[in-house]
Structure formats: C-alpha cells, structure tokens
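I have placed the structure first, in the form of structure tokens, so that the comments after it can refer back to it.
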Amino acid sequence: GDSNASSSPSPTPATEVTMNVEEGARAVPVDTAITVGATNGSITAVTAYFGKRATKKSSVAGDLAADGSAWTARGLLEPGKRYTVAVSTRDDDGNVETTTRTFRTQSLTLDQQAYASISPTSGATVGVAMPIIVRFDIPVSRRAEVEKRLAVTSTPKVEGTWSWMSDSEVHFRPKKYWPAGTTVKVHAGINGVRTAKGVWGQEDRDTSFSVTKRAVTTVVDVARHKATVRINGKVARVLPATTGKSGFQTRNGTKVIMEKYPVKRMDAATTGIAEGSSEYYNIENVRYAMRVTNSGEFIHAAPWSVGSQGSANVSHGCTGLSTSNASWLYGISHIGDPVKFIRSDRKVLEPQNGWTDWNVSYAEFAKGSALS
C-alpha cells in the first residue's frame, strides 16, 4: 500500500493570517497603523474596532490590496482601548474563514495628548486675506510629521503653504488672496500621531468655511490721510482718515482685521502709556472698532478728531474715521479682510504683531514650512 501514497494529493494548507501587532499585546503605541497579510489565500474583508462592537466612531478604516494579499489601516489608534481585528479569508480551495485578534493600546494622560484648535471655525464667512490658523495646546517638536497630516482643499483650488509661527501655532495662506466666494475645508488628521517626545495627537479635527463673495480690501495712505476701500476690486469709497501722530506713528504694512467690536473701551494703559501721562486716555465707548495688530492698532469711529481727518495725523496709532464712515466700513467688513498701510515713516510691522502672513512674500512665508 505505501508505494502509491506519493500520488495522493497533499492537503492545501489553510490561509495563514499575519499582523504587525502580536495577539494579546498590551500597551501598543497609538501611532501604530495596523497591517494584515495573508499567505495561501486572500483576505476578503477586515473589520478593526475598539470596544464591544464596530461603529462609525470605533472603527479603523483601511485599504485592501486588489489581490487580497494585504490590508493597511488608514488611521491610527485611540489610547487605553481594547481593539479587535476580524480578518475574513478565502483559501485556494475556496474555504472561507474568519480569524480574530485582540490587543490593547497604551494609556495616555491628557498631558500626553496634543489638542488642535482650528480657526476659522466651521460655518464662518471670512475676508480674502484670512489665514488658516491651527493652534496646539502642547508644543509640537515633530513639525514635519504633523504638517504632513494637515490638508486644505478649496473650490476653486488655490496654491498655498503652511508656515510655522511657533511650536504651538502653524498658519496656511494661499499664494494670492483667496478668490471671493471660495469654499474651504481643513482636515488636521493628527489623531495618534507622535507630535513631540511622549506626546501624541488627541483627535482629528475638521472645519469648513467660506470666503465672502464681496471682497473688501482697504489701503490707508498715512501721508495723505485717506482710506481707499475697494469692493471686488472697484473703488467703493475714499474715506478721510487720521492715523498716528509723531511718537505714535501707525506701522506700514499689510494687516488683517482680527476682531470686530460694535463698542469697545480703549484704555491707553494696555498700549504702555501710563495713567499719569499727558498722552493717557481711557474712552469707554469707542464705536465700530476693528483690530488690526496685537499691539493695539484699530480702525474705529473717532468723532473727536473729525476736524483733522483728511488733513493731519493726531491719533495714538489707530486709524480714526467719522462715525458714519466707520459705521459703513464696519458693516461691510469681515474678520480676514486685508488693510494695507502705505507711506508711513514707521516702516516695520513686527512679525506676528497680528496676522502678518501677507506682510512677507509668498517665498518668504513658505520657508516656514517644515516640509519645504
């Protein structure tokens, strides 16, 4: 009987499933991307999730190779969770089976997780010079790793770049101002990404906003005491203005409206003028105030200086307009509108004294990218 044993078919080995995380592993790093492989057969489906069952929130999305040889997760993992990976396979004889593996991820405290906040917030309508600003509550040292995970998509498409202002803040600006009416989506896919030594991204963040259909751009001519306001490129009004007097000159450069206040108290102490000084002021109801620098430059209604508007610079650095002109400009303006100041003897607008992204060339701005 033994002589013909060699001619009987040997059984096909069952499909063997391999995974880059050991069965029953503990403290698996959250920046692990699960990969699954198969020999002697092919993978037909993979379900990976944490907790008791697969839901939209608990599942890990992934991509199956066309030939069924491998599956790769698109996302990373959540801390302190028990994960299940169910792999369905078909062997060369057509037998179908499901292999299940489980493991636990590392636990992290909030101090080990960087949270990202994005502005503009979802649903906002902003001006054509609005930078996208991502701030992290824990400093990022692995800037390139994080920047790779930041995506901006817009209709129409624009060319643009990220630029790091600090370890906690990164800005995106297009090469030229956003086209009026652009819609923009921002995705910060930082969940599980190692952002610094012993720190990982806390969660993915998304926002979508639109750019105003009426592009308002203003040029303030400091030497000629006037503000020229354009809507979609056409001059709408030329407003008589007053800017900073000698010793308090308004800075030259391209600034962006950062905040708008129908009424604001303006206390000179916040700009470094002492209460006892002859230059001290404290006005409690300044109307139609729009901030353009961190150092305290605003555009606002200044009924007290109407006699000088259009002819002399008498302010402490702000741009003063008549109440009716300030009301009109406030009414058509958005956060993110550019205001360019020209012909001032005070040439330097300090980097980051406000949103100064447009005060440098695109090439210069792009040097701040960790991927450049």
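The values are calculated or read from the model by the stated rules, or taken from the named source; none is laboratory data. Predicted, not measured: the structure shown is a model, and the values here were computed from it. All Cβ positions, even for glycine, are placed from backbone atoms using ideal geometry, and neighbour counts span all protein chains on display. Heavy atoms of the whole protein, side chains included, go into the accessibility calculation; ligands, DNA and RNA do not. Shrake-Rupley method; radii C 1.70, N 1.55, O 1.52, S 1.80 Å.
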Legend entry - Bridge type composition, region 1-131 - antiparallel percent by DSSP, nearest 5: 95
Inset, instruction - Quantify how much of the Cα-Cα distance distribution of region 181-281 extends past 20 Å, in percent. - result: 66
Inset, instruction - Starting from one equal scatterer on each C-alpha and no solvent at all, send me the Debye-based log10 I(q)/I(0) for region 273-312 at q = 0.20 Å⁻¹, two decimals. - result: -0.84
Inset, instruction - Assuming 0.692 mPa s and 37 °C, estimate D for region 126-194 with Stokes-Einstein, Rh taken as the Kirkwood radius over Cα pairs, in µm²/s. - result: 257
Legend entry - Principal axis box of the chain, alpha-carbon based, largest edge first, Å: 119, 44, 33
Legend entry - FRET efficiency for residue 327 and residue 245, using Cβ-Cβ distance with R0 set to 30 Å, rounded to 0.05: 0.80
Inset, instruction - Go ahead and set up a Gaussian network model of the chain, Cα springs under 10 Å, then flag whichever of 223, 25, 33 fluctuates most. - result: 25
Inset, instruction - Take every DSSP beta bridge with both residues inside the chain and express the antiparallel ones as a percent of the total, to the nearest 5. - result: 85
Legend entry - Exposure rank, largest accessible area first [246, 88; 1.4 Å]: 246, 88
Legend entry - P(r) weight above 27 Å for region 230-372, C-alpha pairs, percent: 21
Inset, instruction - Have a look at region 300-372 and give its Rg and Dmax from the Cα atoms, expressed in angstrom. - result: 16.2, 52
Legend entry - Difference of contour (0.36 nm per residue) and Cα-Cα distance, residue 208 to residue 20: 64.1 nm
Legend entry - Distance between modelled label sites at residue 110 and residue 157, nm, 7 Å Cα→Cβ extension: 4.2
Inset, instruction - For the chain, with a Gaussian network of springs between Cα atoms less than 10 Å apart, report the residue from 64, 239, 321 with the top mean-square fluctuation. - result: 64
Legend entry - Alpha carbon centroid spacing (whole Å) that separates region 129-156 from region 322-372: 20
Legend entry - the chain: most fluctuating residue of 234, 56, 81 per GNM, C-alpha cutoff 10 Å: 56
Inset, instruction - At 20 °C and 1.002 mPa s, grab the translational diffusion coefficient of region 90-165 from Stokes-Einstein with a Kirkwood Rh over Cα pairs, rounded to a whole number in µm² per second. - result: 125
Inset, instruction - May I ask you to derive the FRET efficiency for residue 275 and residue 58 from their Cβ-Cβ distance with R0 = 56 Å, giving the value to the nearest 0.05? - result: 0.45
Inset, instruction - Measure nothing fancy, just the Cα-based angle from helix 323-332's long axis to the longest principal axis of the chain, in degrees from 0 to 90, nearest 10. - result: 20
Legend entry - residue 67-residue 88 FRET efficiency (beta carbon distance; Förster radius 22 Å; 0.05 resolution): 0.90
Legend entry - Mean-position separation - Cα centroids, region 34-53 and region 169-242, in angstrom: 43
Legend entry - Label-point separation, residue 96 to residue 125 (7 Å along Cα→Cβ), nm: 5.3
Legend entry - Globularity ratio of region 238-291, using Cα Rg and 2.2 N^0.38 Å: 1.28
Inset, instruction - For region 24-135, state the average projected area of the convex hull of the C-alpha atoms over all orientations, rounded to one decimal in nm². - result: 10.2
Inset, instruction - When a/c is below 1.5 the answer is rounded, else prolate if a/b is larger than b/c, else oblate, so apply that to region 183-225 with a ≥ b ≥ c taken from the square roots of the Cα gyration tensor eigenvalues. - result: oblate
Inset, instruction - For residue 342 paired with residue 148, estimate the spin-label separation in nm (one decimal), with each label point 7 Å from Cα along the Cα-to-Cβ line. - result: 4.4
